Amino acid sequence: MKRNSSNPRNLLLISVAALILILVLAACASAPAPTQAPAATEAPTAEAPAATEAPPPTPTEAPAAEPPAPESKYNEAPMLAERVKAGELPPVDERLPEEPLVEEGVEGIGQYGGTLRRAFLGPSDHNNYVRVVYDALVRFSPDGSEVIPHIAKGWESNEDFTEWTVYLRPGAKWSDGEPLTADDILFWYNDILLNTDLMPNPANWMVNNDGSVATVEKIDDYTVKWTFKQPNTAFLLDLANKDGADLSIANLAYAPAHYLKQFHASYADAAELEKMVKDAGFETWVELFTVKALPQTNADRPTTAAWVPDNSTVSDPVFVLKRNPYYVGVDPEGNQLPYIDEVRFTFFADKEALNLAAVSGELDFQARHINMSNYPVLKENEDKGGYRVVTWPTFGGSDAVFMFNQTYQNDPEIGELLRNKDFRIALSHALDREAIKELAFLGLGEPRQGVPAPNHPYYPGDEWAYKYTEYDPDKANELLDSIGLTERDADGFRLLPSGKPLDIEINVVPAFGNWTDVGQLAVEQWAKVGVKAHVEVRERALAFQMRDTNDLMVEIWNEDTTGFPFSGQPKMDPRSNPALTFGPLFRKWYETDGKEGMEPPAEIKKLVELIDKGKVSGREEQIKIAQELFRVWADNIWEIGTVGLTPMIQGVVVVNNNLRNVPETAGNDWPLRTPGNTRPETFYFSQ
Amino acid sequence: MSDDRVSEANQEAQEARHADLTALSEWNQARLEDEREDAAAIHVAPNWKLTWWRFKKHRLALVSGLVVILLALIVLFPGFFSTMDPHKSRAQQSFVPVQRIHFIDDGAFRPFVYGIVGRRNPETLRMEWKIDEEKKIPITFFARGFEYEVLGLFTTNIHFIGVKEGDIEENPIYLLGTDRLGRDQWSRLMYGTRVSVSIGLISVFVSVFLGVLLGGVSGYYGGVPDLIIQRMIEILQSLPAIPIWMALTAAMPRDWSVEQTYFAITLILALIGWTTLAREVRGRFLVLREEDFVMAAKLSGATQSRIIFRHMVPTFYSHIIATATLAVPVMIISETFLSFLGLGLRPPAISWGVLLQEAQNLQSVAIAPWLLLPGLAVIITVLALNILGDGLRDAADPYSH
């Protein structure tokens, strides 16, 4: 990993090439340039890529956006221009940083105006908002292949990746017009991360190998340095997931100090704070602070996103975001982004109603909660509804996997069985994945295990991607007999060795995929080899709670985070929090240094070792480690994959025909905050 | 034209008229005699016969009765009326539309369905089915098909209809199309009928039992038992039924088997349904216990149970039957409703509610409307039972006019 030492000539070349490309695109603004999204990688680029940092060029011959006012360097939306005229806002040049973020959509320069209509399912669907604004210092590129600058201007690391310097944009401002400086990062570090009242355990991305917390220091007003005790190649990936819009203060990496100090015990006047806590109906200032510190629960909290909550929160039936007059982005012609005035989330109590609204063209841009099985209906109504359907297949693993809880204890005998590798292999061979593909996936995708896509650098090879996936009931029966499940009841179902009936509960959250059907098909197919199972559909919040309390036996989920085993909260890491149903007690074991919980078997310890090694390795090494990781992962089959590489998970995108700059293809995963990584601030309505 | 011929014609006409008149008077005579016999019969007819005579006149109720008998047959032998295994999903056969049966083949009565070929539209990804006129699948009665159990007694594979030759899985007939998992909707409807209608019948049976018992005790003894039972009824009736059902079904352990859930739902419906009937029975008892014939029975030393079951209950048998018949559709609707909300029976159980719940999505409404047909079954059944109940109620009091 020596990209940071690439010679400056190359860099210059790239910037010139990028500039030319941008100019060409600007000249023929309608030429879309969809490319096959390459696989996301976790390549830590130690320097800001130059391409996106090109300084705003002088206006080209594009006629539509010719700036009328010669004295202004930048242009702004008409609604803001009016407010400037009325004296409510400073002029656009003063609102933008010295070096704004320059972004151009795939179809070029846009037009101002319009409301982006989206749908959400209420307060528990807060990530719907998080994904649209993607308010982080740095973020993933549209294809998910690299981390690019966003609110921060760039970064630098030392040779061994122990020190990371992040550069902010001088002149950048919060949505209330106050300057965004290094003090906002230090406020987060000193007063949120290190405040034991607010965070009893510091977020794990900030914890060194020896348990101490990494240091953060201010170099100057716009420069902050992170220092870790060990090389940290995952720093940027973690920073790209520290999202100011998230519903947890644990996921912040900077916060508006000027605003939040009034709610913080270290700064506020004790009596006044006490009164505020009482007035808001809380017990402690911590409760008040955690609500006030997050934009989705407090519309007054300044943010840096392209759109900010407009007097409404995720608990309202209509959640409206209005443009941020201080957003740091501009297009290559100097028009301040975003193009769209307003984002409006409308509450739907029912997913089917939401899908129906999409079919009738009432939503402008929606992939979340669009049911892939409605694809035919959506496609047939494209003309009538005035929309187009775009698909963004996930690049990770399998879109419905059966996760076997490795620490299940409610029934010790069943727990033992879930830990038995042969049992899992048998159930994998008993699945007729071709049938699942036809019936639950519209014939899309391919039968495979939960490992990254073939075009991904972490792909461990065909042998592991298709391991145990052939449909072979005889082999399944043989394996099941060999592990002692020989006795059967009157209906032909196998009994546990103790003679008790065996019944596997498959938990399904009817969230993103057609998982209930996948579960039902599995029940039917496993019955053919004598294994009884039933599907249990649970509401999302309840199921998440049961994951934590170790009450789930088997759960269907998708293979998200597969492309990111070394950052964020990957599902391959038993220490992740919140984790999926992999082994809740393993986490406890690691958290308590082996005092509580359950000790993981050697293979799982190996996983953890590999992950820890990957976090401190250079890119080449990291790829090798990841491949090894997925070989262990697929070989031990803690999860049974079914069908993958489909757009089932938030990948069927319904886009208003007038909405432009929406890429034809994009990286699609939770760590990318899709569609946040596709830069919604460059979307516009063509009039 | 001669006078003779004219008079001859007149004579013939007169004779004919006379004959007519004779016939008429004979017919009248016969009718009067019939009526007299009828009247005589009425005087000696037992209660059930009177009810039957009166019921016969209600054509619609009669037809409904036939529908109900047919339903009863399906409830008893769903496997016999099915064509294919209702639980089996078929990867290549999703969303097959309703297949029409053609009865006449080359001018002869040889029922058949055309074969079908499906292809996934590469653009919309929808399964599109075309009729293959080349291929005719002959249908026959009492064909061999999948194995099923008859009332838990023995297994057989004879079905009411099926394909003439070969395996039905290779030459399928989908009388009502298939669902998203390629399961045969017709067979699922048959099995769903068994569950939904039997839940209605059994729970009504239980509530009739409870109603007559508690209502009888309440009305016959009066006093403290009456007070307790009546207050209990009032409390139960004051509870809003739907939320109570929902709460009780939601409280059912989710790992219960299909049979256990079925049993529990039946009980839940019954435990709430008995109150109306109990009130009615109590009222009857209160009236009847003052009647002379009860007094007479008492004085001649009849035991209490004999008085109740031999003398009192028979006088309102017909009422109980009518009320019960009217209660069945309510129970069926309740089960359907609970299952539709996902609180009652759940897959893999099949009931009308489950079928409708599975059709409760955009996909089914937009591209597979035949999946909503179980709704029609509910409507037909409920109407038939209601009309039958109406007919029975009208007929139940043969002396009223």
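Put simply, the C-alpha atoms of the protein assembly as shown give a gyration tensor, and the ellipsoid matching it has half-axes of 69, 34, 33 Å, longest first. Placing +1 on each Lys and Arg Cβ and -1 on each Asp and Glu Cβ, with no other charges, gives region B:100-173 a dipole about its Cα centre of roughly 200 debye.
Within region A:601-687, list the trypsin sites (Lys or Arg not before Pro) lying in a DSSP loop whose Cβ has at most 13 other Cβ atoms in a 10 Å radius. Spell out each step's value before the answer.
Numbers: sites: A:Lys605, A:Lys606, A:Lys613, A:Lys615, A:Arg619, A:Lys624, A:Arg631, A:Arg660, A:Arg673; in loops: A:Arg673.
Passing both the DSSP loop test and the Cβ count: no residue.
Modelled spin labels at B:Val224 and B:Ala247, positioned 7 Å past Cα toward Cβ, are 2.9 nm from each other.
Quick one: net charge of A:Gln296's neighbours, Cβ under 13 Å, K/R +1, D/E -1?
-4
The relative contact order of region B:100-173, computed from alpha carbon pairs under 8 Å that lie at least 6 residues apart in sequence, is 23 percent. Residue by residue along A:526-538, Cβ atoms of other protein chains within 10 Å of the local Cβ number 2 on average. Residues whose amide H falls under 5 Å from that of A:Thr162, counting only those 5 or more places apart or on a different chain, are A:Asn232, with hydrogens built in the peptide plane.
Amide H to amide H distances under 5 Å link A:Ser398 with A:Val451, A:Glu559, where only residues 5 or more positions off or on other chains count and H is placed in the peptide plane. Between B:Lys56 and B:Asp106, what is the label-to-label distance in nm when each label sits 7 Å out along the Cα-to-Cβ direction? About 4.8 nm, to one decimal.
Among rounded, prolate and oblate, which fits region B:159-210 when a ≥ b ≥ c are the square roots of the eigenvalues of its C-alpha gyration tensor, a/c under 1.5 means rounded, and a/b larger than b/c means prolate? Prolate is the answer for region B:159-210, as a/c is 1.5 or above and a/b outweighs b/c.
Ignoring aspartates and glutamates fewer than eight residues from B:Lys164 along the same chain, the ones with Cα atoms less than 16 angstrom from its Cα are B:Asp105. Just flag the trypsin sites (Lys or Arg not before Pro) in region B:221-312 sitting in loop per DSSP whose Cβ has no more than 15 other Cβ atoms within 10 Å. Of the trypsin sites (Lys or Arg not before Pro), the ones in loops of region B:221-312 whose Cβ has at most 15 other Cβ atoms within 10 Å are B:Arg254.
Using θ = phi - 60° in the Karplus curve 6.51 cos²θ - 1.76 cosθ + 1.60, the 3J(HN,Hα) couplings for region A:407-412 round to 10, 4, 10, 4, 10, x Hz; x is entered for Gly and Pro.
Taken one residue at a time, the phi angles of region A:419-432 give Karplus couplings (6.51, -1.76, 1.60, θ = phi - 60°) of 7, 7, 4, 4, 4, 5, 4, 4, 5, 5, 5, 7, 8, 8 Hz. Gly and Pro are set to x. Cα-Cα over 19 Å: which of A:Lys500/A:Lys532; A:Lys571/A:Lys615; A:Lys229/A:Lys606; A:Lys467/B:Lys88; A:Lys421/A:Lys613? The answer is A:Lys229/A:Lys606; A:Lys467/B:Lys88; A:Lys421/A:Lys613. Roughly what angle does helix A:619-636 make with the longest principal axis of chain A, taking Cα atoms, 0 to 90 degrees, to the nearest 10? The answer is roughly 30 degrees.
Extents of chain B, taken as max minus min of Cα coordinates on every principal axis and listed largest first, are 97, 80, 39 Å. Beta bridges from DSSP with both residues in the protein assembly as shown: antiparallel share about 80 percent, rounded to the nearest 5. Each residue of region A:676-686 was assigned a 3J(HN,Hα) from its phi angle through the Karplus expression (A = 6.51, B = -1.76, C = 1.60, θ = phi - 60°), giving x, 5, 8, 6, x, 5, 8, 5, 8, 9, 7 Hz with x at Gly and Pro. Mean separation of Cα pairs under 8 Å and 6 or more residues apart, divided by the residue count, gives chain A a relative contact order of 19 percent. Candidate cross-link partners of A:Lys85 among the lysines, defined by an alpha-carbon separation under 22 Å and a same-chain spacing of 8 or more, comprise A:Lys73, A:Lys173, A:Lys322.
Among the helices of chain B, those built from whole DSSP H runs whose Cα atoms reach 20 Å or more along their own axis and whose mean Kyte-Doolittle hydropathy is at least 0.0 are B:59-76, B:185-221, B:223-238, B:258-288, B:317-340, B:373-396. If you find the alpha carbon centre of region B:252-310 and of region A:617-687, how far apart are they in angstrom? Answer, in whole Å: 65.
For region B:87-230, a/c is not less than 1.5, where a ≥ b ≥ c are the root eigenvalues of the C-alpha gyration tensor, and a/b tops b/c. That puts it in the prolate class. With helices as the sole contributors, chain A gives -7500 deg cm²/dmol at 222 nm; each DSSP H run of n ≥ 4 counts as -39500 (n - 2.57), and the sum is divided by every residue.
Along chain B, the exposed loop sites are chymotrypsin sites (Phe, Trp or Tyr not before Pro) outside DSSP states H, G, I, E and B with at most 15 other Cβ atoms within 10 Å, and the longest stretch free of them is B:1-255. Can you list the lysines whose alpha carbon is less than 28 Å from that of B:Lys49, not counting same-chain residues fewer than 8 positions off? Excluding near neighbours in sequence, the set is B:Lys57, B:Lys298. Placing +1 on each Lys and Arg Cβ and -1 on each Asp and Glu Cβ, with no other charges, gives region B:149-219 a dipole about its Cα centre of roughly 360 debye. A straight line joining the Cα centroids of region A:302-354 and region A:122-169 runs 19 Å.
Seen through its C-alpha gyration tensor, with square-root eigenvalues sorted a ≥ b ≥ c, region B:100-173 comes out oblate because a/c lies at 1.5 or above while a/b is not bigger than b/c.
To the nearest ten degrees, helix A:8-27 and the longest principal axis of the Cα atoms of chain A are 80 degrees apart. The sum of -39500 (n - 2.57) across all DSSP H runs of n ≥ 4, divided by the residue count of chain B, sets its helix-only mean residue ellipticity at 222 nm to -20000 deg cm²/dmol.
Give me the net charge of A:Lys421's neighbourhood, meaning all other residues with Cβ under 15 Å from the Cβ of A:Lys421; Lys, Arg count +1, Asp, Glu -1. Don't jump to the answer; show the numbers that get you there.
Working: positive: A:Arg419, A:Arg424, A:Lys467, A:Lys475, A:Lys606, A:Arg631; negative: A:Glu416, A:Asp422, A:Glu478, A:Glu603, A:Asp635, A:Glu639.
Spelling it out: positives minus negatives among the neighbours equals 0.
Amide H to amide H distances under 5 Å link A:Tyr387 with A:Asn657, where only residues 5 or more positions off or on other chains count and H is placed in the peptide plane. Positive contributions from Lys and Arg (+1) and negative ones from Asp and Glu (-1), summed over other residues with Cβ under 15 Å from the Cβ of A:Val207, come out at -1.
Per residue of A:373-379, other chain Cβ atoms within 10 Å of the residue Cβ number 6 on average.
Read-outs: derived from the displayed coordinates by stated rules, not from any lab. Everything quoted here is computed from the prediction, not taken from an experiment. Because the Cβ atoms are built from the backbone with ideal geometry, glycine has one as well, and the counts that use them run over all protein chains shown.
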